[in-house]
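First up is the structure itself, then whatever we jot down about it.
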Amino acid sequence: MTARSFAPARRRALHALAAAGLAAWGLPAAQAQERAARGGGAVRHIKWQELVPAGWDPAKLLREKFNDPQLAVLNDADPRVQAMMEELRTIWDNAPVNPAMDGVTGRVPGYVVPLEDSRAGLKSFLLVPYYGACIHSPPPPANQIIHVVLSKPVKGFQTMDTVWVQGRLSAARNQSDMGVSGYRLDAIRVDPYERVAPERGR
């Protein structure tokens, strides 16, 4: 957010909620969930909504905290708007994870946000549920960002490529320049996204 941005504050807060993917966690995979579920069954399909604990309602938090009519007429350079966006960022960064997903092995679709990239390939990246997440402000809640770590670098993937990532998920918070992730996934394979998830051994 800069002093040159003058979008109404409440609209920006609501945009942050929508951008978090909380209404459509599955990205293109929302269209593929049924197909993927039929695709062999040997590897669990992890869905983004499973990463959010029951009862966590960010929309309610926003309504309770930012329901001040005056915010609608303020520009983003106003200190009150700055304070609101900082509070929103704190809520997002501390978004709770679902403890039931700690230790789950499976595959999840998402968009790539590189963290460690070199001539040898991509070694770690953030996996996010919608296009532009972590590239544009604000990033999604921490429970909608997965820190993917690979044992060997992989080549051929760039920012915002869509992929299937397979491996073991753990509840492990990590802070990077691109955002705070609530989960880590130790990946055993990364595949380009397809409407039907790739099967083991393909």
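The values are calculated or read from the model by the stated rules, or taken from the named source; none is laboratory data. Not measured: the values here are computed from a predicted model. All Cβ positions, glycine included, derive from the backbone under ideal geometry; neighbour counts span all protein chains shown. Note: accessible area is taken over every heavy atom of the protein model, side chains too, but ligands, DNA and RNA are not part of it. Shrake-Rupley method; radii C 1.70, N 1.55, O 1.52, S 1.80 Å.
Partner aspartates and glutamates whose Cα lies under 13 Å from the Cα of LYS65, excluding those fewer than 8 positions away in the same chain, are identified as ASP57, GLU86, GLU87. Nonpolar atom fraction for the range 45-150, defined as the carbon and sulfur part of the 1.4 Å probe accessible area, stands at 51 percent. A probe of 1.4 angstrom, applied to the heavy atoms of all protein chains, finds TYR131 with accessible area near 150 square angstrom. Computed packing ranks the peptides 172-183, 70-81 as 172-183, 70-81, most packed first, by mean other Cβ atoms within 10 Å.
On the basis of the beta-carbon distance and an R0 of 25 Å, ILE91 and ILE188 show a calculated FRET efficiency of 0.15.
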